[in-house]
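Enquirer: Handing you this structure, nothing more for now.
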Amino acid sequence: MNKFGTSQPITRLEDRRFLTGQGQYVDDVAPETALYGYVFRSPEAHGRIAVLDVTQARSAPGVHLVLTADDLAAAGLKNAMRFAVVQTAEGSPVATPDRPILVTDKVRFVGDAVAFVVAESLAAAKDAAEMITLDIAAEPVKLDLAPGGVVVHAEAPDNIAYDFTMGDDAATQAALAKAAHVVTHKSHDNRIIVNSLEPRGCYAEMVDGRLHLAFNGQGVWGAKGDLVRLFGLEAKDVRVTNPDVGGGFGMKAMGYPEHFLVAHACRVLGRPVRWMSERTEAMLSDNAGRDLDVTITLGFDADLKMVAFHTDSISNLGAYVSQFGQNIQSSLYSKVLTGTYDVQTYFFRNRGVFTNTTQVDAYRGAGRPEAIYALERAMDFAARQLGVDPLELRRRNFIPAAAFPYRSATGELYDVGDFHKVLARAEDAADLSGFAARRAASQAKGRLRGLGTCYYIESILGDPQETATIELTATGAKVYVGTQSNGQGHETVYAQLLHDQTGLPLEQIEIVQGDSDQIAKGGGTGGSRSVTVQGMAMRATAETLITGLCAFLDDDMDQRETSFDAAEGVFRAPGSNVVITLLEAAARAKAAGRAELAKVTETRTLPGRSYPNGCHITEVEIDPETGTTRVERYTAVDDFGNLMNPRLAEGQVHGGVVQGIGQAISEHVVYDSEGQLLTATFMDYGMPRADDTPFIAFYTECVPSTANPLGMKGCGEAGTVGALAAVANAVQDALWPLGIRQVDMPFTPSRVWEMLQHGKAIAAE
């Protein structure tokens, strides 16, 4: 194995520039001559626009342009953003109301974009926005997570965006009717805000007659297609780039009005235009996550083997159907509901509901946590109701290792897995044999201690196809990739991959990403797909590169069977002392008129999804006097298949676990009865801090995937997927002896204190 090749825990290459302030984020690279854009947003959650007068704003000092929906219409632009919908199982229509770039006659959430002001400075743009006259005839708001009520869109009179089902309802009900034990559990997955370190931002400029949009997103091709469609341009006349991106978490994969507004303003004015979100603005306008109720009914036979499950989910979509929003995820969401458990009969229903809140994207960097959270909460609840150890109930229902490849009830083909081995490692690593003593020690201090477990399985999602180009230069190699790093360390992992195959030193490898001019196509980043799918394409490209150069050297040196030594990075031929480096071979090929051998492109499609899985075990301690809940111990044992860089994998899990702890303990979006966001600053929104987080013990049990040549399974979302249910189940365990049966996130001191008071009332009856 090469010193710095795959599976080596080397330090991230990109960190030097990030930690020394040399990162090139969108606000760093915007043209100095760019004008500043500011979005004038609705202060009301729901109502019709009675008056919108921008006359004074247009004549304000320093103002160059003020855009409204009327201006977009006058320019011949369709004032509607692209979005995706999923058809119902019965083929019935789904609600598809347009999401406008700028609102026309009606606002639907606080923060809805009403006008766009462009001025010499941000201060001038803000001052001009203060001069806009906006009179909204307020209407009642729709906030509850249920069908019916105040109508948000005329196209959905019952506020149902879609009603999606999978499975056999009749067979499931029949199996449940015959089951020896039936347990029903309802959980609420609370709404959260992404709060990436770098808020959303973008700029647009005209370069040699071409439109260039730069934004801090998770891929460039969707945005390029949207601009081509909106403005009626040729694809060759649009360039989209992603510079360094300070966190994405799925939220930045979506389309947003600002991309179109800065681009249109730039084209109108012939000047670069920039826009950068402020934190409260981001909290109002970024796509949020979660916010759904899930009811799961589990049926077990006399031996506590699961015979069927029935799931009913209602998801809050917010005011609009967002691009790649939660509705398009519903089919994917259902795919993981069988989890690691051997069950054949199921029924799943998911309804999306419109409300007067900002739209929801269902990601927040956690893959399919909603489904896993609901199922693992239900399994833990069932274990306690049935008097079973939660780990034992999971063991009895695991898909056995000998059963792989295994076709799940939802149609997923799990290629490999050894859930018993992973659980046993977690049980040992978490020192479960010592939990009773730790609980006793907590009780001696007047505290409640609980133990929680989550065994998750998820699938690598997103586009299964990716392309890679490797170009050998005089000094090294450039690798053109279709994914986009948002801070995960792609530059390091991809350089390791190429080093492993070519022997090139890491410092001679440059990763090129996020530029539609240099990279013809790509799937972007999301769903833990990047290293698995991109790595597969890179491997194929490197193999083609080396094979082509071997054949060239055979002819060039009149040799046969030239071979490549990846450890040394050189070509050799039998019976010859001649040694040629990779870069020397490329130079020879170019000199011979064979430059195509030094720049090779390959596209590969993932033959099947891979399924990372793992067991997360945590312990919480609760102060019954105050309701304060702390996570005291956390152990993660994950099966990610082969790891490209264990250090990066551990960092990804640590970050994800902290996200999960944040949602479980402190993060929570709150609207008042008028739809005003009450948690719109960090004074009000409880982001997790260092002292909220324990030491996170991280271990891996590798069962290499057979669904891709690298044997990888992806790891980016595992921490949050495991943490949500593990922490919630630990709280449930701590409160169970008090008769408390319903616990829902977030476990803030006030909420837990109220649960404790409820427990006292139960005990007094």
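Enquirer: What are the residue pairs meeting all of these: first residue in region 604-627, first residue modelled with pLDDT of 90 or more and among the small types (G, A, S), second residue outside any strand (DSSP E or B) and open to solvent by 30 Å² or more (accessible area, probe 1.4 Å), Cβ atoms under 6 Å, and 6 or more apart or on different chains?
Expert: Close Cβ pairs satisfying both conditions: G627/P749; G627/W753.
Enquirer: Further question: Test each condition in (1) closer than 26 Å to L677 by Cβ; (2) crowded, with 20+ Cβ neighbours inside 10 Å; (3) in contact with a strand residue (DSSP E or B) (Cβ under 8 Å, 6 or more places away or on another chain) for T172 and report the one that comes out false.
Expert: Tallying (1) closer than 26 Å to L677 by Cβ; (2) crowded, with 20+ Cβ neighbours inside 10 Å; (3) in contact with a strand residue (DSSP E or B) (Cβ under 8 Å, 6 or more places away or on another chain), T172 fails exactly one: (1).
Enquirer: Another one. Can you name every residue in region 718-752 that is outside any loop (DSSP other than H, G, I, E, B), of a type in the set (D, E, K, R) and within 15 Å of A378 (Cα to Cα)? First the steps, then the outcome.
Expert: We begin by selecting, within region 718-752, every residue outside any loop (DSSP other than H, G, I, E, B); these are 718-738, 749-752.
From the residues that got through so far, the ones that are of a type in the set (D, E, K, R) too are 733, 751.
Across region 718-752, the qualifying residue is only D733.
Enquirer: Name the residue, out of A170, A161, that is on the phi < 0 side of the Ramachandran plot and either more than 31 Å from the chain's Cα centre (by Cα) or modelled with pLDDT of 95 or more (or both). Full working, then the answer.
Expert: Details: A161 fails: either more than 31 Å from the chain's Cα centre (by Cα) or modelled with pLDDT of 95 or more (or both).
Being on the phi < 0 side of the Ramachandran plot and either more than 31 Å from the chain's Cα centre (by Cα) or modelled with pLDDT of 95 or more (or both) holds for just one of A170, A161, which is A170.
Enquirer: Scan region 99-113 residue by residue and report those that are under 13 Å from E258 (Cβ atoms) and assigned to a strand (DSSP E or B).
Expert: A113
Enquirer: Do you know which residues across region 390-434 are among the hydrophobic types (A, V, I, L, M, F, W, C), modelled with pLDDT under 95 and outside any loop (DSSP other than H, G, I, E, B)? Even if it seems obvious, please write down each step before you answer.
Expert: Keep residues of region 390-434 that are among the hydrophobic types (A, V, I, L, M, F, W, C), which gives 391, 393, 398-399, 401-404, 409, 413, 416, 419, 422-424, 426, 429-430, 432.
With the extra rule that they be modelled with pLDDT under 95, the set shrinks to 409, 413.
Across region 390-434, the qualifying residue is only L413.
Enquirer: I'd like the residue in region 550-569 that is of a type in the set (A, V, I, L, M, F, W, C) and in contact with a strand residue (DSSP E or B) (Cβ under 7 Å, 6 or more places away or on another chain) and, out of all such residues, is most open to solvent (accessible area, probe 1.4 Å). Quick ask: steps written out before the conclusion?
Expert: Filtering region 550-569 for residues of a type in the set (A, V, I, L, M, F, W, C) gives 550-553, 557, 564, 566-567.
Then keep just the ones that are in contact with a strand residue (DSSP E or B) (Cβ under 7 Å, 6 or more places away or on another chain); that gives 550, 553, 564.
Values: C550: 18, L553: 0, F564: 43 Å².
Among residues in region 550-569 that are of a type in the set (A, V, I, L, M, F, W, C) and in contact with a strand residue (DSSP E or B) (Cβ under 7 Å, 6 or more places away or on another chain), the one most open to solvent (accessible area, probe 1.4 Å) is F564.
Enquirer: Additional query: Hey, D558 hits all of (1) in a helix (DSSP H, G or I); (2) free of Cβ contacts under 8 Å to residues at least 40 places away in the same chain; (3) not β-branched (V, I, T) but one; which does it fall short on?
Expert: (1)
Enquirer: Please work out if T483 is of a type in the set (V, I, T), modelled with pLDDT of 95 or more and out of contact with any Phe, Trp or Tyr (no Cβ under 8 Å at 6 or more places or on another chain). Spell out how you get there, then give the answer.
Expert: Working: of a type in the set (V, I, T): yes; modelled with pLDDT of 95 or more: no; out of contact with any Phe, Trp or Tyr (no Cβ under 8 Å at 6 or more places or on another chain): yes.
Judged against the criteria, T483 is not a match.
Enquirer: Here is a check on your reading of the model: is A437 crowded, with 18+ Cβ neighbours inside 10 Å and assigned to a helix (DSSP H, G or I)? Walk me through how you get there before you give the answer.
Expert: Details: crowded, with 18+ Cβ neighbours inside 10 Å: no; assigned to a helix (DSSP H, G or I): yes.
So A437 does not fit the description; no.
Enquirer: Counting only residues that are crowded, with 17+ Cβ neighbours inside 10 Å and at pLDDT 95 or above, how many does region 516-537 have?
Expert: 1
Enquirer: Quick one: in region 138-152, of everything that is open to solvent by 50 Å² or more (accessible area, probe 1.4 Å) and aliphatic (A, V, I, L, M), which residue is nearest to R99 (Cα to Cα)? Show your work before the answer.
Expert: At the first step, the residues of region 138-152 found to be open to solvent by 50 Å² or more (accessible area, probe 1.4 Å) are 138-140, 143-144, 147, 149, 151.
If we keep only those that are aliphatic (A, V, I, L, M) as well, we get 138, 143, 151.
Values: A138: 19, L143: 19, V151: 16 Å.
So, considering only residues that are open to solvent by 50 Å² or more (accessible area, probe 1.4 Å) and aliphatic (A, V, I, L, M), the one nearest to R99 (Cα to Cα) is V151.
Enquirer: For region 261-292, give me each residue that is open to solvent by less than 10 Å² (accessible area, probe 1.4 Å) and closer than 17 Å to K224 by Cβ.
Expert: L261, V262, A263, C266
Enquirer: Additional query: Any residue in region 525-537 that is more than 23 Å from the chain's Cα centre (by Cα) and either within 20 Å of T473 (Cβ to Cβ) or in contact (Cβ under 8 Å) with a residue 40 or more places away in the chain (or both)?
Expert: To start, the set of residues in region 525-537 that are more than 23 Å from the chain's Cα centre (by Cα) comprises none.
Looking for residues that are more than 23 Å from the chain's Cα centre (by Cα) and either within 20 Å of T473 (Cβ to Cβ) or in contact (Cβ under 8 Å) with a residue 40 or more places away in the chain (or both), one finds none in region 525-537, hence no.
Enquirer: While we're looking at this one, here's another question. So, F215, is that one farther than 15 Å from T483 by Cβ and buried (at least 24 other Cβ atoms within 10 Å of the Cβ) or not?
Expert: On the way: farther than 15 Å from T483 by Cβ: yes; buried (at least 24 other Cβ atoms within 10 Å of the Cβ): yes.
Spelling it out, F215 is indeed farther than 15 Å from T483 by Cβ and buried (at least 24 other Cβ atoms within 10 Å of the Cβ).
Enquirer: For region 175-198, what are the residues that are open to solvent by 10 Å² or more (accessible area, probe 1.4 Å), of a type in the set (G, A, S) and not in a loop (DSSP other than H, G, I, E, B)?
Expert: Once the filter is applied, which keeps residues that are open to solvent by 10 Å² or more (accessible area, probe 1.4 Å), of a type in the set (G, A, S) and not in a loop (DSSP other than H, G, I, E, B), region 175-198 yields A175, A177.
Enquirer: What strands (runs of 3 or more DSSP E) lie completely within region 26-84 and have 2 or more residues being under 23 Å from Q218 (Cα atoms) and in contact (Cβ under 8 Å) with a residue 40 or more places away in the chain? Break it down stepwise before answering.
Expert: Numbers: elements: 35-41, 47-53, 63-67.
In region 26-84, 35-41 are the strands (runs of 3 or more DSSP E) which contain 2 or more residues that are under 23 Å from Q218 (Cα atoms) and in contact (Cβ under 8 Å) with a residue 40 or more places away in the chain.
Enquirer: Which condition from (1) open to solvent by less than 40 Å² (accessible area, probe 1.4 Å); (2) of a type outside the set (V, I, T); (3) under 28 Å from E427 (Cα atoms) is the one that D692 breaks?
Expert: Of everything listed in (1) open to solvent by less than 40 Å² (accessible area, probe 1.4 Å); (2) of a type outside the set (V, I, T); (3) under 28 Å from E427 (Cα atoms), D692 misses just condition (1).
Enquirer: Right, next: Answer yes or no: is there a residue in region 462-484 that is among the aromatic types (F, W, Y), outside any helix (DSSP H, G or I), touching a residue at least 12 places away in the same chain (Cβ under 8 Å) and surrounded by 19 or more Cβ atoms within 10 Å (Cβ to Cβ). So that I can check it myself, show each step before the final result.
Expert: As a first pass, look at region 462-484 and keep what is among the aromatic types (F, W, Y): 480.
Remaining after also requiring outside any helix (DSSP H, G or I): 480.
With touching a residue at least 12 places away in the same chain (Cβ under 8 Å) added as a condition, the list becomes 480.
So of that shortlist, the ones also surrounded by 19 or more Cβ atoms within 10 Å (Cβ to Cβ) come out as 480.
Yes, there is a match, as at least one residue in region 462-484 is among the aromatic types (F, W, Y), outside any helix (DSSP H, G or I), touching a residue at least 12 places away in the same chain (Cβ under 8 Å) and surrounded by 19 or more Cβ atoms within 10 Å (Cβ to Cβ).
Enquirer: Separate question: Give me the strands (runs of 3 or more DSSP E) completely within region 199-267, filtered to those with at least 1 residues that are under 18 Å from the mean Cα position of the chain (by Cα) and of a type in the set (A, V, I, L, M, F, W, C), ordered by residue number.
Expert: Working: elements: 201-207, 210-215, 238-241.
Strands (runs of 3 or more DSSP E) meeting the threshold: 210-215.
Enquirer: I've got another one for you. Of the residues that sit in region 442-461 and are at pLDDT 95 or above and in a strand (DSSP E or B), which one is farthest from E427 (Cα to Cα)? Show your work before the answer.
Expert: Restricting attention to region 442-461, the residues satisfying the condition of being at pLDDT 95 or above are 442-455.
With the extra rule that they be in a strand (DSSP E or B), the set shrinks to 448-455.
Details: L448: 21, R449: 17, G450: 15, L451: 12, G452: 12, T453: 10, C454: 12, Y455: 12 Å.
Only one residue fits best here, namely L448.
Enquirer: Sticking with this structure for a sec: Identify all residues within region 485-515 that are free of Cβ contacts under 8 Å to residues at least 60 places away in the same chain, of a type in the set (A, V, I, L, M) and surrounded by 24 or more Cβ atoms within 10 Å (Cβ to Cβ); write none if there are none.
Expert: Within region 485-515, just L498 meets the criteria.
The values are calculated or read from the model by the stated rules, or taken from the named source; none is laboratory data. As the structure is a prediction and not an experimental result, all values here were calculated from the model. Counting neighbours? That spans all protein chains shown, and the Cβs are built from the backbone with ideal geometry, glycine included. Quick note on the areas: whole protein, heavy atoms, side chains included, nothing else; ligands and nucleic acids left out. Shrake-Rupley method; radii C 1.70, N 1.55, O 1.52, S 1.80 Å.
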